[in-house]
Every structure is written in C-alpha cells, then in structure tokens.
1. So in segment 569-585, with the set limited to residues that are among the basic types (Lys, Arg) and not in a loop (DSSP other than H, G, I, E, B), which one is surrounded by the most Cβ atoms within 10 Å (Cβ to Cβ)?
2. Which numbered condition trips up residue 108, out of (1) modelled with pLDDT of 95 or more; (2) surrounded by 20 or more Cβ atoms within 10 Å (Cβ to Cβ); (3) farther than 12 Å from residue 18 by Cβ?
3. Given 452, 414, which one is open to solvent by 10 Å² or more (accessible area, probe 1.4 Å) and out of contact with any helix residue (DSSP H, G or I) (no Cβ under 7 Å at 6 or more places or on another chain)?
4. Pairs needed: first member in segment 555-567, more than 14 Å from residue 635 (Cα to Cα); second member anywhere, among the acidic types (Asp, Glu) and at pLDDT below 95; C-beta distance under 7 Å; at least 6 residues apart or different chains.
5. Can we say residue 593 is at pLDDT 95 or above and either touching a strand residue (DSSP E or B) at 6+ places or on another chain (Cβ under 7 Å) or surrounded by fewer than 23 Cβ atoms within 10 Å (Cβ to Cβ) (or both)?
6. Residue by residue through segment 83-104, note down the ones that are in contact with a Pro (Cβ under 8 Å, 6 or more places away or on another chain), of a type outside the set (A, V, I, L, M), touching a residue at least 60 places away in the same chain (Cβ under 8 Å) and in a loop (DSSP other than H, G, I, E, B).
7. I want to confirm something. Restricting to segment 192-241 and keeping residues that are of a type in the set (A, V, I, L, M) and surrounded by fewer than 19 Cβ atoms within 10 Å (Cβ to Cβ), which single residue is nearest to residue 29 (Cα to Cα)?
8. Test residue 65 against the criterion of being open to solvent by 80 Å² or more (accessible area, probe 1.4 Å) and closer than 26 Å to residue 187 by Cα, and give yes or no.
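The values are calculated or read from the model by the stated rules, or taken from the named source; none is laboratory data. These numbers come from a predicted model, not from an experiment. Note that we place each Cβ from the backbone using ideal geometry, even for glycine, and neighbour counts take in every protein chain shown. Side chains are part of the model used for accessible areas, which takes the heavy atoms of the whole protein and leaves out ligands, DNA and RNA. Shrake-Rupley method; radii C 1.70, N 1.55, O 1.52, S 1.80 Å.
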Amino acid sequence: MPSTQAAPARQQLARRAAVLLAAGHDAASRDVLTQPLGDSTVVQRALETLTHVVDRDRTVVVVASGDTRVRELLGPDLTYVEQSGSAGTGPAALAARAALPADADVVLVAYADTPLLRSESLLALLTRHALKGADLTFLTAVLAEPRPAYDRVVRVDGEVTAIVSAGTEPAAGETTDGHEINVGAYVAAPALLFGALEELVAAGAERLTDLAHRAIADGRRVSTYQIYDTDEVHGINSPAELQEAADILLKRLFMPKKNTDTTIHFGTGGWRAVIGEGYTLANVRRLSQAIANETTRRGLESRGVVIGGDRRFLSEESKIAAAEVFAGNNIPVTLLPDDVPTPLVTFAAPYLGSAYGIIVTSSHNPPEWNGIKVFRADGSLPLDDETDRYQDEANAMSVDDVITLDLDLARKAGVVVDRTLTDPYVDAIEKIVDVDAVRGSNLQVVVDPMYGTSQLTLGTILGDMRVRAEFIHAQHNPLFGGIAPAPDLQRLSSLIEMIRSGEGRYALGMATDGDSDRIGIVDETGEYITTNDLLLLLYWYLHEFRGEKGGVVRNLATTHLLDRLAAHFGEESREVKVGFKHVTAGMEEIGAVLGGESSGGLTIRGWILGKDGIFACALVVEMLARTGKRISELREMIYAITGRLYTLEAGVPSTPEMRVAVPRRLEAEPLTHVGPYPVVSVSHLDGTKILLENDNWALLRFSGTEPVLRMFVEADSPEKAEELLTWLRGFVTAGV
C-alpha cells in the first residue's frame, strides 16, 4: 500500500508559491542584479534557480519603484510588484502578499542577490518544511570562518534557539562546532509569513530575519536545511563579489555531474545511458514504439526489422523487449541469437531488405552503460533530424502508449523469427578481402576482442586465411575486465606485452572494441599504431596495391596527413563533422575510396555504410600479406611522402552549462594566436577548430556520446603538440 504519511507532504508541495526579492537596498545593489554572470545575469540566474522548484506563474518578483530593467531581463509573463517606502527585506516580502496565488499553502522567499544557490537546496528546503510540519524553515550553512554580513544561528541540543549578529559570544550550552549562519531563504505558510510581517513592519522592523526571531520567541516549530557547498552562500552586492561569483560559477562548470536525466537522448553514435538511470527496459520499449510508429507511418511494416544485442548487462533482455514491441505493432522481426557485432547488424539491414537494423549496445562506453544504435535500410546511421523525431516521440510517451506481444506468442505466430547471419556476413567480407592472397603468408597474429563480440566472425575469417591467430580476453564478461572496452593505448597493455614478449613471433596485434566497430593496432615491435597512421597506411595500400582510385573523407578530429596523401595522389580530401554518418555521407558525395575517424572507425567504398572493426582487421592482414612488409616499414615509406605530424588529445568532464560558457568565451576573445603561433582561420563546423600554419591545428569539441569536452591538436613536433594541448587546457580551465 502507498504511504499515507507521504500524501500530505506531496499535496502541500504542489500548492507552493514564491517571492523573489529583486528591489535591492540602493541603486548600486540594484545595478549589480542586472550585471552579466555566466551565460545570463545575476537576477536571471536567481530566477532560473527558483523556477526549478516553483512555477513561473506562481512566482512574484518584487522590484524597486519605477524599475524597468529587471522586468526587461526576466520577461513580461511574470507577476511584478513594486516596493515603496522602506528598502528592508521585510517590507519587500510583505509587498508581494496580494499578488500571490490564493491557494498557496507555502511561500518560498528568496533573494535575487544570491544567484549561486542550487535548485536542489531550495527543493530540499521546501521538502524539509513539509516533512517536519514546520511553521518556518530557513537555509543555513556552516562556515570555517565567520562572515560579518551573515547572522549566526544559535542551537541548544540541536534546536534553533536564536539568530544573533556575527561576532556575538556563544551562550551557555550553545553548540559551537563551526559557524552556522542564516543564509536567508525562508519557507512559511502565508498566514504566518504575512501576518507576522505586517505586525513587525508596523512596529518598525525591516528585515526578514525579524520574522525568524518572532517565530522562535513564540515557540513556533522552526526547522532548517543545511547547505554543504558554502559557495552557494556567496551574495553579490558589489563588483568584487560579482567577479568572485563568476569564478565560482566557472569552477562549477568543470565539476562532474551525475546524469539523473531519465529521458532518451541520441548522440553521434545512438542512444546511450547509465543502466538504471536513463537506460531502462521501459525506455527501450518507448524508443522501440517510436521507431515502430515511424515504420508504420512510412508504410514499411512488411519489410520488418532486424534486432541484435552485444554482451552487456541487459542486452539480451533489451533485444527481447524491443522485439516484443515491434511484433505488437505487426512488424516482423528477425531476431539474431546470442551476441553479435554491430557491423553485422549494419550489414544485415540491407542484406535482408529490412526497414531498420537495431542493436543493443553502448559500444566502447564503460560497463555500467548500455544503449541502442539504429540503422536505416541501407545500413547508414540516421541523421540528426531523424533521431530527434524518434527521441521526442519516445519521451512524450507513457508506458500505456507501448504495444507489445509476448515473445513466445510472436514466435508461434511467425512474426518473430530467430536467424543466424554470421555466415552471410563473413562471406560478404571474404568477397572483398583477398583471402587467397593471405594464405601461405605464414602470418601469426594476436587478437584482443576486449571481451566483446568479434571473436567468432574475425576468428572465422582469420581461419579461412590460414592465419595463426591467438585470442585473449575472448570470454563473455559484461564487466569487460573492469575497464571501458575501447581499443586505445591505455587499455591494450596485455596485447602490447604479448607482442613484445613474443620476440618477433607475431606480425601484428589487433583489437576491437566492445561492439566490434572500432579497431586498434599494435605493430610487430609492440608499438601502438594510432588510427590516424592506420588510415594513412590503408589509403596508400588501397590506391597503390589494389588500384582503388578516389578521395578520402575524415572527420575534423582526424589527421591532415590524409589530405597531404590525397593531394599526392591528385585526389580529393574532405573534412566532415564527428559522427560516422557524416563520414559515409561525405564518401558518397565525392566517391571516396576510404573514410575514417581518429577514434578507430573506418570503412571503404563497396562495404557497409558504417564503421567495421572486423572488416578493418581483415584488410590490415591482407595489406601485410600482399606488400610483404611489416607495419613499421610501411609507416616509414608513407612518412617519406607526407612528412610527419604529431597528434595529442585530452578531455575534461563537461556539463550542460559548459556548452554555453566555452563558446561564449571563444566569441568574447577572438583568437589571433595560440601561444606564439598565428591563427590562420577558425572553423565552427563542429565545435571550434583553430587552424594554424603548415597543417597544424587545435580543436575543442563536446563529445556527443559522453559528458566530456574533448581537446585535439596536431603539430610539426611532439613538443609543439604538447605546447598546443597545454594552451587549450589553460584556456578551458582559466579561472578554475
């Protein structure tokens, strides 16, 4: 049974109202309220915090007599009252009485000059007031040192017994552990709030604190909520305090936040979320219903969908949940058994003629994540306008809007069919990769699937090539050995050590990420080969050995050496936004032979319209067999053509606010130099890319799949690359 005790608290919180005191005590303090702070102004930020917990139409703003500036900033849809006479906070709050909603049970009074309060603190204040059945509740904070501008809270046996001026000596029995102050936001019932204030103001009292004094003296039930982040206490009444607030705000932007948003959001690589937060079976069903609706609207039901899943937690349950939704909407489902690589689903959609391909995966994210990637009928990723439609429709649904059919019934009816497509996928790869050319090469390799999904398909292909392949980390482990399954240098130490300890036995080390669409390479010496270099090698190989003419497409975070090599061949190179859907679209536009990204994804003309780590591994093996050279030799050959550039990348945790603050800082400080290096141009194609001389560059870009601000640089030397990266770090963390 639901708790009967919780109901009154919920009812009371539902009828709350608010007063924002924005009149100031003089012209200077009023001017400060309208000054910029972060991406808005002081008073706008204070109102935004307040309206997270109280509706705008139940909020009254108290302004100075004749004020127009605050009204202009906050908008005409709010209720305003003017404070006349005394400038005290007591008369200001009293002035709002007649304008408040008549049904308000509680009123929250907050100050416009404390815009750093968090909405969570105000929500906690309101909740505490209701749960305690208090007459008056106010915010407090415990400071390491006293602040003269704030009154001190006096407690005896934990109960508030007085509020006294800062510097007042502790009384007998008073708790003296720290300096607890009255922050100044109050919650009370309208009758108490305005009844007491009317008497106090008539008697000459000026401050809202006098209301607290009265409530304590009358033996009212007084409660408090303590703020632990003392930066919230920062009031703004001067330019100096405004600058300090700006510094605090900037520091907050770089503090990691828990993502408690449970709605569906698509990034550059599908929808991903933390399991148990945004990623739930309910959201899987809602998203599946939205895609089923789109399928029906387009009249594509008869083509059906193909659904697979990887090895993550909830992947098996999720693909079944999705299949039941499509079946419930009369849309046939080809359900892939066991775990499969993402590229296999990319291949399966056009192979089967399906309307959509869907795979449950979170790619290379840490093990606590899962997600869904959606592919169109041709195997390409849908563009932003399409995924926006899916997510918006799904987020607008309730559970009751989802139509399902039990899996057993769906199988009996034939609307869900289990089918294995490993052989057709492998056969298709072996029609493009020259398997016969590899046989007899006596290559021996090590493969690290990173506990992912490539071992069956890639193992089959390598076996057909007669390549002696040893697999590590191939067992099913949804924790991925405790790391994110991304095939980068930091996570391939076991593969690197195995190559080095082999003393020349192995020609190559290869790795794929958790869903097998990305590749990582280690050469015969145990050196990690960046994807930038791998793309160079493959572009050269396709052009020179396989006779594949055509340009190259890369995303804007990928090496410009590809442009140099394309120019050497007399071919076109194109830069596109991050997201492999942009790479494949660019390849189609210019007829490119190769498309790729520095994060490990690539494909070639004639293969699927998505990245494929399994195919890439097979192509690299073919390249070694046909050229008769090792990776280290091929790199030196190509550097002789293109010269060298050195890349570095880093990232800092990001927040939604940073997505506003960093671009605004870039606009406010037009770049002419990065350190001593002159800026040639600045591109805003995707993030901010700063182009320097001689193909050197620096990039700031917010990730579309993780809460990270990414920084990339490419320069003539390792030292210069480090210098550029250090400059970027300094720029984005200035003032932190």
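1. 581
2. With respect to (1) modelled with pLDDT of 95 or more; (2) surrounded by 20 or more Cβ atoms within 10 Å (Cβ to Cβ); (3) farther than 12 Å from residue 18 by Cβ, residue 108 is out only on (3).
3. From the options 452, 414, the qualifying one is 414.
4. 556/686
5. Working: at pLDDT 95 or above: yes; either touching a strand residue (DSSP E or B) at 6+ places or on another chain (Cβ under 7 Å) or surrounded by fewer than 23 Cβ atoms within 10 Å (Cβ to Cβ) (or both): yes.
Considered against the rule, which asks whether it is at pLDDT 95 or above and either touching a strand residue (DSSP E or B) at 6+ places or on another chain (Cβ under 7 Å) or surrounded by fewer than 23 Cβ atoms within 10 Å (Cβ to Cβ) (or both), residue 593 comes out as yes.
6. none
7. 240
8. yes
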